[in-house]
Amino acid sequence: MRIFPHLSTERLANVYLVTDDDGNGIIIDPAHIDKEIIENIEKTGTNLKAVLITHRHLTHTEGLGTLIKIYDIDIYSASDEINGIRCRRLSDGDRLQIGKLDIEVISVPGHSMDSLVYRINEGALFTGDTLLSGSIATTHSHIEKELLVHSICTKLLSISDTAIIYPGHGALSKLRIEKMFNHDLLESADWDNLNQKARV
Amino acid sequence: MFSLNKCASPGCPAFAYKDTGYCYHHNPEKEAILASLIRQLEEASTVRDVSIVNAEVIGVKAGKGGTIMASNFSFTVFEDCTFESMAIIESFFDYCIFRRCAFIGDDIRYSVFAGSTFINCRINDSTVIHNSFMGIDTYDSDFSANDFYFSNFSLAKLVDTSLEDCNLKRTNFRAALTKNVSFRYSNPEEAFFRKEEGYTI
(Lines give C-alpha, C1' and ligand atoms only; values in the text may rest on other atoms or scores of the structure.)
Protein backbone atom coordinates (compact mmCIF):
# COMPACT_ATOMS: atom_id res chain seq x y z
CA MET A 1 0.00 0.00 0.00
CA ARG A 2 1.17 3.51 -0.76
CA ILE A 3 -0.33 6.69 0.63
CA PHE A 4 0.31 10.04 -1.04
CA PRO A 5 -0.77 13.01 1.10
CA HIS A 6 -1.47 16.27 -0.67
CA LEU A 7 -2.12 19.62 0.99
CA SER A 8 -4.83 21.48 -0.86
CA THR A 9 -3.77 25.10 -0.55
CA GLU A 10 -7.25 26.27 -1.58
CA ARG A 11 -8.86 24.77 1.52
CA LEU A 12 -5.83 23.90 3.68
CA ALA A 13 -7.21 20.38 3.70
CA ASN A 14 -5.48 17.08 3.06
CA VAL A 15 -6.34 14.96 0.06
CA TYR A 16 -5.07 11.37 0.11
CA LEU A 17 -4.35 9.09 -2.81
CA VAL A 18 -4.12 5.51 -1.54
CA THR A 19 -2.97 2.72 -3.84
CA ASP A 20 -2.46 -0.99 -3.40
CA ASP A 21 0.45 -3.03 -4.76
CA ASP A 22 -1.48 -3.71 -8.00
CA GLY A 23 -2.02 -0.03 -8.76
CA ASN A 24 -5.69 0.13 -7.73
CA GLY A 25 -6.33 3.45 -6.06
CA ILE A 26 -8.81 5.51 -4.11
CA ILE A 27 -9.00 9.18 -3.22
CA ILE A 28 -10.07 10.14 0.28
CA ASP A 29 -11.70 13.57 0.65
CA PRO A 30 -11.20 15.37 -2.68
CA ALA A 31 -10.96 18.83 -1.12
CA HIS A 32 -9.74 20.50 -4.27
CA ILE A 33 -8.42 18.57 -7.22
CA ASP A 34 -5.48 20.37 -8.73
CA LYS A 35 -2.92 19.52 -11.37
CA GLU A 36 -0.53 18.00 -8.84
CA ILE A 37 -3.02 15.33 -7.76
CA ILE A 38 -3.95 14.42 -11.34
CA GLU A 39 -0.24 14.19 -12.22
CA ASN A 40 0.32 11.98 -9.19
CA ILE A 41 -2.50 9.63 -10.26
CA GLU A 42 -1.17 9.45 -13.81
CA LYS A 43 2.55 9.23 -12.99
CA THR A 44 1.98 6.34 -10.61
CA GLY A 45 -0.22 4.59 -13.19
CA THR A 46 -3.02 4.38 -10.68
CA ASN A 47 -6.28 2.78 -11.73
CA LEU A 48 -8.57 5.05 -9.74
CA LYS A 49 -11.52 3.01 -8.52
CA ALA A 50 -13.32 5.02 -5.89
CA VAL A 51 -13.61 8.14 -3.78
CA LEU A 52 -14.32 7.90 -0.05
CA ILE A 53 -15.85 10.90 1.71
CA THR A 54 -15.39 11.30 5.47
CA HIS A 55 -18.18 13.89 5.75
CA ARG A 56 -20.13 16.16 3.47
CA HIS A 57 -18.55 19.56 4.23
CA LEU A 58 -17.50 21.41 1.09
CA THR A 59 -13.95 21.79 2.44
CA HIS A 60 -13.48 18.07 1.80
CA THR A 61 -15.72 17.46 -1.20
CA GLU A 62 -15.32 20.40 -3.54
CA GLY A 63 -13.15 18.46 -6.00
CA LEU A 64 -15.66 15.64 -6.44
CA GLY A 65 -17.20 17.19 -9.57
CA THR A 66 -13.77 17.47 -11.20
CA LEU A 67 -12.91 13.84 -10.44
CA ILE A 68 -16.11 12.35 -11.88
CA LYS A 69 -15.57 14.28 -15.10
CA ILE A 70 -12.20 12.58 -15.56
CA TYR A 71 -12.54 9.13 -13.98
CA ASP A 72 -15.20 6.44 -13.88
CA ILE A 73 -15.36 5.99 -10.13
CA ASP A 74 -17.66 4.90 -7.34
CA ILE A 75 -18.30 7.43 -4.59
CA TYR A 76 -18.85 6.28 -1.03
CA SER A 77 -20.15 8.35 1.87
CA ALA A 78 -22.64 8.24 4.72
CA SER A 79 -25.16 10.10 2.57
CA ASP A 80 -27.04 9.23 -0.62
CA GLU A 81 -25.69 12.30 -2.36
CA ILE A 82 -22.88 14.84 -1.98
CA ASN A 83 -23.06 18.16 -3.84
CA GLY A 84 -25.88 16.69 -5.96
CA ILE A 85 -23.74 13.67 -6.94
CA ARG A 86 -25.12 10.22 -6.11
CA CYS A 87 -23.12 8.16 -3.62
CA ARG A 88 -23.11 4.62 -2.35
CA ARG A 89 -24.24 4.85 1.23
CA LEU A 90 -22.04 3.46 4.00
CA SER A 91 -22.81 2.85 7.64
CA ASP A 92 -20.94 1.83 10.75
CA GLY A 93 -19.29 -1.57 10.48
CA ASP A 94 -19.47 -1.85 6.69
CA ARG A 95 -16.43 -3.31 4.94
CA LEU A 96 -15.20 -2.57 1.44
CA GLN A 97 -12.62 -4.43 -0.58
CA ILE A 98 -11.09 -2.32 -3.32
CA GLY A 99 -8.21 -4.21 -4.91
CA LYS A 100 -6.02 -5.20 -1.98
CA LEU A 101 -7.32 -2.36 0.18
CA ASP A 102 -9.40 -3.73 3.03
CA ILE A 103 -11.52 -0.84 4.29
CA GLU A 104 -13.50 -0.79 7.52
CA VAL A 105 -16.08 1.94 7.99
CA ILE A 106 -16.39 3.49 11.45
CA SER A 107 -19.13 6.00 12.19
CA VAL A 108 -17.94 8.72 14.59
CA PRO A 109 -20.67 11.36 14.89
CA GLY A 110 -20.08 14.70 16.56
CA HIS A 111 -18.52 17.12 14.07
CA SER A 112 -21.35 16.18 11.73
CA MET A 113 -23.82 13.35 12.02
CA ASP A 114 -22.48 11.77 8.82
CA SER A 115 -18.80 11.69 9.91
CA LEU A 116 -17.00 8.48 8.98
CA VAL A 117 -13.50 7.23 9.72
CA TYR A 118 -11.96 4.76 7.29
CA ARG A 119 -9.57 2.14 8.63
CA ILE A 120 -7.52 0.70 5.80
CA ASN A 121 -5.49 -2.51 6.10
CA GLU A 122 -5.84 -2.38 9.89
CA GLY A 123 -3.16 0.26 10.53
CA ALA A 124 -4.14 3.44 8.66
CA LEU A 125 -6.97 5.64 9.95
CA PHE A 126 -8.38 8.36 7.72
CA THR A 127 -10.17 10.52 10.23
CA GLY A 128 -11.39 13.56 8.26
CA ASP A 129 -12.16 16.32 10.74
CA THR A 130 -13.04 13.93 13.57
CA LEU A 131 -9.55 13.51 15.00
CA LEU A 132 -6.78 15.90 14.01
CA SER A 133 -3.18 16.14 15.12
CA GLY A 134 -3.49 17.70 18.58
CA SER A 135 -7.17 18.59 18.45
CA ILE A 136 -10.62 17.32 17.62
CA ALA A 137 -13.23 18.70 15.28
CA THR A 138 -15.20 21.81 16.03
CA THR A 139 -18.79 21.25 17.08
CA HIS A 140 -21.88 23.43 17.27
CA SER A 141 -22.62 22.70 20.93
CA HIS A 142 -21.23 21.17 24.10
CA ILE A 143 -23.57 18.20 23.67
CA GLU A 144 -22.13 17.48 20.23
CA LYS A 145 -18.64 17.86 21.64
CA GLU A 146 -19.38 15.32 24.35
CA LEU A 147 -20.84 13.02 21.71
CA LEU A 148 -17.69 13.43 19.62
CA VAL A 149 -15.32 12.74 22.53
CA HIS A 150 -17.40 9.74 23.55
CA SER A 151 -17.40 8.40 19.98
CA ILE A 152 -13.63 8.86 19.64
CA CYS A 153 -12.95 7.16 22.96
CA THR A 154 -15.22 4.20 22.40
CA LYS A 155 -14.59 3.59 18.72
CA LEU A 156 -11.06 4.78 17.96
CA LEU A 157 -8.99 4.55 21.13
CA SER A 158 -9.46 0.80 21.36
CA ILE A 159 -7.47 0.46 18.11
CA SER A 160 -3.75 -0.27 18.36
CA ASP A 161 -1.58 2.62 19.61
CA THR A 162 0.62 2.32 16.53
CA ALA A 163 -2.25 3.03 14.10
CA ILE A 164 -1.36 5.95 11.88
CA ILE A 165 -3.75 8.89 11.65
CA TYR A 166 -4.23 10.64 8.34
CA PRO A 167 -6.39 13.65 9.26
CA GLY A 168 -8.38 15.98 7.04
CA HIS A 169 -6.30 18.95 8.16
CA GLY A 170 -2.81 19.32 9.57
CA ALA A 171 0.05 16.94 10.16
CA LEU A 172 -0.04 13.15 10.32
CA SER A 173 -0.07 11.42 13.70
CA LYS A 174 -0.46 8.13 15.52
CA LEU A 175 -3.06 7.08 18.07
CA ARG A 176 -0.39 6.84 20.77
CA ILE A 177 0.58 10.46 20.12
CA GLU A 178 -3.03 11.64 20.31
CA LYS A 179 -3.60 9.81 23.58
CA MET A 180 -0.65 11.67 25.07
CA PHE A 181 -0.80 15.08 23.45
CA ASN A 182 -4.27 15.76 22.05
CA HIS A 183 -5.17 18.88 23.94
CA ASP A 184 -8.91 18.72 23.28
CA LEU A 185 -9.14 15.13 24.48
CA LEU A 186 -7.01 15.84 27.54
CA GLU A 187 -9.22 18.83 28.41
CA SER A 188 -12.42 16.92 28.01
CA ALA A 189 -14.31 16.46 31.26
CA ASP A 190 -14.63 12.69 31.19
CA TRP A 191 -11.41 11.89 29.31
CA ASP A 192 -9.84 9.80 32.08
CA ASN A 193 -12.98 7.79 32.58
CA LEU A 194 -13.53 7.11 28.88
CA ASN A 195 -9.86 6.43 28.17
CA GLN A 196 -9.80 3.91 30.99
CA LYS A 197 -12.87 2.17 29.58
CA ALA A 198 -11.31 2.11 26.11
CA ARG A 199 -8.21 0.41 27.50
CA VAL A 200 -10.31 -2.22 29.25
CA MET B 1 4.49 3.16 2.88
CA PHE B 2 6.18 0.93 5.44
CA SER B 3 4.54 -2.40 6.16
CA LEU B 4 1.56 -2.16 8.50
CA ASN B 5 1.88 -5.85 9.35
CA LYS B 6 2.68 -6.50 13.00
CA CYS B 7 5.81 -8.30 14.18
CA ALA B 8 5.38 -12.08 14.43
CA SER B 9 7.04 -12.15 17.85
CA PRO B 10 4.31 -12.79 20.45
CA GLY B 11 3.06 -9.62 22.11
CA CYS B 12 5.23 -7.28 20.04
CA PRO B 13 3.16 -4.34 18.77
CA ALA B 14 5.86 -2.99 16.39
CA PHE B 15 5.52 -2.98 12.63
CA ALA B 16 7.39 -5.69 10.72
CA TYR B 17 10.48 -4.67 8.75
CA LYS B 18 9.41 -4.88 5.10
CA ASP B 19 8.25 -8.44 4.35
CA THR B 20 10.48 -10.22 6.85
CA GLY B 21 7.64 -10.86 9.30
CA TYR B 22 9.60 -9.50 12.26
CA CYS B 23 10.23 -5.99 13.48
CA TYR B 24 13.76 -4.61 13.50
CA HIS B 25 14.21 -5.48 17.15
CA HIS B 26 13.19 -9.15 16.78
CA ASN B 27 14.77 -9.64 13.37
CA PRO B 28 17.64 -12.15 13.15
CA GLU B 29 19.24 -9.81 10.55
CA LYS B 30 19.07 -6.85 12.94
CA GLU B 31 22.67 -5.69 12.50
CA ALA B 32 22.52 -6.05 8.70
CA ILE B 33 19.29 -4.03 8.55
CA LEU B 34 20.80 -1.15 10.53
CA ALA B 35 24.04 -1.31 8.51
CA SER B 36 22.00 -1.17 5.30
CA LEU B 37 20.09 1.88 6.54
CA ILE B 38 23.31 3.69 7.46
CA ARG B 39 24.89 2.82 4.11
CA GLN B 40 21.84 4.11 2.24
CA LEU B 41 21.88 7.34 4.24
CA GLU B 42 25.59 7.90 3.67
CA GLU B 43 25.31 7.12 -0.05
CA ALA B 44 22.42 9.62 -0.35
CA SER B 45 20.10 7.05 -1.87
CA THR B 46 16.40 6.86 -1.11
CA VAL B 47 15.38 5.24 2.17
CA ARG B 48 11.80 4.21 1.56
CA ASP B 49 9.12 2.13 3.25
CA VAL B 50 11.26 0.94 6.16
CA SER B 51 10.24 0.64 9.80
CA ILE B 52 13.16 0.55 12.23
CA VAL B 53 11.96 1.15 15.75
CA ASN B 54 14.04 1.57 18.88
CA ALA B 55 17.41 1.60 17.13
CA GLU B 56 20.59 3.56 17.81
CA VAL B 57 21.97 5.62 14.94
CA ILE B 58 25.23 7.25 15.93
CA GLY B 59 27.63 9.45 14.03
CA VAL B 60 25.95 9.19 10.60
CA LYS B 61 26.62 11.95 8.09
CA ALA B 62 23.85 11.47 5.56
CA GLY B 63 24.84 12.27 2.00
CA LYS B 64 23.54 15.44 0.39
CA GLY B 65 20.54 14.93 -1.85
CA GLY B 66 19.23 11.80 -0.15
CA THR B 67 15.60 11.10 0.63
CA ILE B 68 13.79 9.48 3.54
CA MET B 69 10.25 8.68 2.52
CA ALA B 70 7.26 6.91 4.11
CA SER B 71 9.41 5.39 6.86
CA ASN B 72 9.10 4.85 10.58
CA PHE B 73 11.90 5.43 13.14
CA SER B 74 9.89 5.70 16.37
CA PHE B 75 11.80 5.50 19.67
CA THR B 76 15.16 5.66 17.89
CA VAL B 77 18.18 7.42 19.37
CA PHE B 78 20.12 9.63 16.95
CA GLU B 79 23.46 10.96 18.19
CA ASP B 80 25.94 13.17 16.35
CA CYS B 81 24.08 12.75 13.05
CA THR B 82 23.91 15.23 10.19
CA PHE B 83 21.08 15.34 7.66
CA GLU B 84 22.03 17.96 5.07
CA SER B 85 20.16 18.92 1.88
CA MET B 86 17.80 15.98 2.24
CA ALA B 87 14.11 15.44 1.63
CA ILE B 88 12.27 13.87 4.56
CA ILE B 89 8.72 13.12 3.50
CA GLU B 90 5.85 11.39 5.31
CA SER B 91 8.16 9.80 7.90
CA PHE B 92 7.81 9.15 11.61
CA PHE B 93 10.44 10.14 14.18
CA ASP B 94 8.07 10.10 17.17
CA TYR B 95 9.47 9.59 20.68
CA CYS B 96 13.04 9.74 19.37
CA ILE B 97 16.03 11.25 21.12
CA PHE B 98 18.17 13.55 19.00
CA ARG B 99 21.44 14.50 20.64
CA ARG B 100 23.89 16.85 18.86
CA CYS B 101 22.13 16.32 15.52
CA ALA B 102 21.86 18.79 12.64
CA PHE B 103 19.21 19.17 9.94
CA ILE B 104 20.60 21.71 7.48
CA GLY B 105 18.94 22.87 4.26
CA ASP B 106 16.39 20.05 4.35
CA ASP B 107 12.91 19.75 2.89
CA ILE B 108 10.83 18.15 5.66
CA ARG B 109 7.12 17.63 4.99
CA TYR B 110 4.23 15.55 6.35
CA SER B 111 6.57 14.14 8.99
CA VAL B 112 6.10 13.50 12.69
CA PHE B 113 8.57 14.29 15.48
CA ALA B 114 5.97 14.25 18.27
CA GLY B 115 7.18 13.31 21.73
CA SER B 116 10.84 13.53 20.73
CA THR B 117 13.63 15.19 22.64
CA PHE B 118 16.16 17.47 20.94
CA ILE B 119 19.30 18.20 22.96
CA ASN B 120 21.90 20.51 21.51
CA CYS B 121 20.46 20.14 18.00
CA ARG B 122 20.20 22.37 14.96
CA ILE B 123 17.47 22.70 12.36
CA ASN B 124 18.53 25.50 10.05
CA ASP B 125 17.78 26.87 6.58
CA SER B 126 15.11 24.22 6.07
CA THR B 127 11.58 23.99 4.77
CA VAL B 128 9.71 22.31 7.61
CA ILE B 129 6.08 22.67 6.60
CA HIS B 130 3.09 20.63 7.71
CA ASN B 131 4.92 18.58 10.36
CA SER B 132 4.08 17.54 13.90
CA PHE B 133 6.40 18.59 16.73
CA MET B 134 3.70 18.05 19.36
CA GLY B 135 5.00 17.50 22.85
CA ILE B 136 8.67 17.76 21.90
CA ASP B 137 11.28 18.81 24.45
CA THR B 138 14.12 20.95 23.20
CA TYR B 139 17.16 22.03 25.19
CA ASP B 140 19.99 24.24 24.05
CA SER B 141 18.96 23.99 20.39
CA ASP B 142 18.88 26.24 17.36
CA PHE B 143 15.79 26.07 15.11
CA SER B 144 16.53 29.31 13.26
CA ALA B 145 16.02 30.32 9.64
CA ASN B 146 13.31 27.77 8.85
CA ASP B 147 9.88 27.83 7.28
CA PHE B 148 7.61 26.19 9.88
CA TYR B 149 4.38 26.99 7.99
CA PHE B 150 1.45 24.90 9.28
CA SER B 151 3.62 22.86 11.67
CA ASN B 152 2.36 21.95 15.12
CA PHE B 153 4.35 22.58 18.34
CA SER B 154 1.42 22.24 20.74
CA LEU B 155 2.35 21.02 24.25
CA ALA B 156 6.02 21.37 23.34
CA LYS B 157 8.54 22.43 25.95
CA LEU B 158 11.14 24.67 24.36
CA VAL B 159 14.05 25.65 26.60
CA ASP B 160 17.08 27.70 25.59
CA THR B 161 16.03 27.36 21.98
CA SER B 162 16.27 29.85 19.18
CA LEU B 163 13.51 30.24 16.59
CA GLU B 164 14.91 33.35 14.96
CA ASP B 165 14.18 34.43 11.41
CA CYS B 166 11.54 31.72 10.95
CA ASN B 167 8.25 31.81 9.11
CA LEU B 168 5.70 30.93 11.80
CA LYS B 169 2.54 31.58 9.80
CA ARG B 170 -0.15 29.12 10.95
CA THR B 171 2.39 27.42 13.21
CA ASN B 172 0.63 26.05 16.28
CA PHE B 173 2.17 26.70 19.72
CA ARG B 174 -1.01 25.91 21.67
CA ALA B 175 -0.13 25.19 25.31
CA ALA B 176 3.58 25.17 24.50
CA LEU B 177 5.95 26.19 27.28
CA THR B 178 8.89 28.35 26.34
CA LYS B 179 11.82 29.41 28.45
CA ASN B 180 14.59 31.56 27.09
CA VAL B 181 13.28 31.21 23.54
CA SER B 182 14.02 33.88 20.97
CA PHE B 183 11.58 34.65 18.15
CA ARG B 184 13.66 37.57 16.86
CA TYR B 185 13.01 38.39 13.18
CA SER B 186 10.24 35.75 13.13
CA ASN B 187 6.50 36.37 12.95
CA PRO B 188 4.95 34.86 16.11
CA GLU B 189 1.97 37.20 15.62
CA GLU B 190 0.90 34.95 12.73
CA ALA B 191 1.27 31.77 14.80
CA PHE B 192 -1.36 30.31 17.11
CA PHE B 193 -0.70 30.79 20.82
CA ARG B 194 -3.26 30.26 23.53
CA LYS B 195 -4.39 33.78 24.30
CA GLU B 196 -4.25 33.56 28.07
CA GLU B 197 -0.65 32.41 27.98
CA GLY B 198 2.34 34.50 27.11
CA TYR B 199 5.19 33.49 24.90
CA THR B 200 7.50 32.87 27.81
CA ILE B 201 7.47 31.38 31.29
In region B:18-40, the residues that are more than 14 Å from every other protein chain (Cβ to nearest Cβ), closer than 26 Å to B:VAL60 by Cα and assigned to a loop (DSSP other than H, G, I, E, B): B:THR20, B:TYR22, B:HIS26, B:ASN27, B:PRO28, B:GLU29
Filter result for the condition that a residue is hydrophobic (A, V, I, L, M, F, W, C), within 14 Å of another protein chain (Cβ to nearest Cβ) and over 24 Å from B:ASN54 (Cα atoms), over B:PHE183, B:PHE150, B:PHE113: B:PHE150
Condition check for B:THR117: open to solvent by 40 Å² or more (accessible area, probe 1.4 Å), modelled with pLDDT of 95 or more and within 29 Å of A:HIS6 (Cα to Cα): no
Residue that is least open to solvent (accessible area, probe 1.4 Å) [pool: residues in region A:143-160 that are over 16 Å from A:TYR118 (Cα atoms) and either within 12 Å of chain B (Cβ to nearest Cβ) or β-branched (Val, Ile, Thr) (or both)]: A:VAL149
Failed item in (1) within 16 Å of the chain's Cα centre (by Cα); (2) not in a helix (DSSP H, G or I), with A:LYS155 passing the rest: (2)
Search result, residues across region B:120-159 that are of a type in the set (Val, Ile, Thr) and modelled with pLDDT under 95: B:ILE129
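Of the residues in region A:10-33, how many are within 11 Å of chain B (Cβ to nearest Cβ) and either free of Cβ contacts under 8 Å to residues at least 12 places away in the same chain or of a type in the set (A, V, I, L, M, F, W, C) (or both)?
First pass over region A:10-33, keeping only residues within 11 Å of chain B (Cβ to nearest Cβ): A:12, A:14, A:16, A:18-21.
Then keep just the ones that are either free of Cβ contacts under 8 Å to residues at least 12 places away in the same chain or of a type in the set (A, V, I, L, M, F, W, C) (or both); that gives A:12, A:18.
Of the residues in that region, 2 qualify.
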Qualifying residues in region B:120-167 (those that are surrounded by fewer than 22 Cβ atoms within 10 Å (Cβ to Cβ) and among the hydroxyl-bearing types (Ser, Thr, Tyr)) - the one nearest to A:GLU178 (Cα to Cα): B:TYR149
Residue tally, condition within 20 Å of A:LEU7 (Cβ to Cβ) and surrounded by fewer than 17 Cβ atoms within 10 Å (Cβ to Cβ), over region A:125-142: 1
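When only residues in region A:164-184 that are more than 7 Å from chain B (Cβ to nearest Cβ) and part of a helix (DSSP H, G or I) count, which is modelled with the lowest pLDDT? Write out each step before concluding.
In the first step, residues of region A:164-184 are kept if they are more than 7 Å from chain B (Cβ to nearest Cβ); the result is A:164-169, A:175-176, A:178-179, A:182, A:184.
Pick out the ones that are also part of a helix (DSSP H, G or I) and you get A:175-176, A:178-179, A:184.
Details: A:LEU175: 94, A:ARG176: 94, A:GLU178: 93, A:LYS179: 92, A:ASP184: 86.
Within region A:164-184, the match that is modelled with the lowest pLDDT is A:ASP184.
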Tally, over region B:42-65, of residues that are surrounded by fewer than 21 Cβ atoms within 10 Å (Cβ to Cβ) and closer than 14 Å to B:MET86 by Cα: 11
Filtered residues of region A:18-47 (kept if surrounded by fewer than 20 Cβ atoms within 10 Å (Cβ to Cβ), of a type outside the set (Lys, Arg) and within 28 Å of B:SER3 (Cβ to Cβ)): A:ASP21, A:ASP22, A:GLY23, A:ASN24, A:GLU36, A:GLU39, A:ASN40, A:GLU42, A:THR44, A:GLY45, A:ASN47
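Any idea which of B:TYR22, B:TYR17 is among the hydroxyl-bearing types (Ser, Thr, Tyr) and open to solvent by 40 Å² or more (accessible area, probe 1.4 Å)? Working first, answer last.
Numbers: B:TYR17 fails: open to solvent by 40 Å² or more (accessible area, probe 1.4 Å).
That would be B:TYR22, the only listed residue that is among the hydroxyl-bearing types (Ser, Thr, Tyr) and open to solvent by 40 Å² or more (accessible area, probe 1.4 Å).
The values are calculated or read from the model by the stated rules, or taken from the named source; none is laboratory data. All values reported here derive from a predicted model rather than from experimental measurement. Note that we place each Cβ from the backbone using ideal geometry, even for glycine, and neighbour counts take in every protein chain shown. Note: accessible area is taken over every heavy atom of the protein model, side chains too, but ligands, DNA and RNA are not part of it. Shrake-Rupley method; radii C 1.70, N 1.55, O 1.52, S 1.80 Å.
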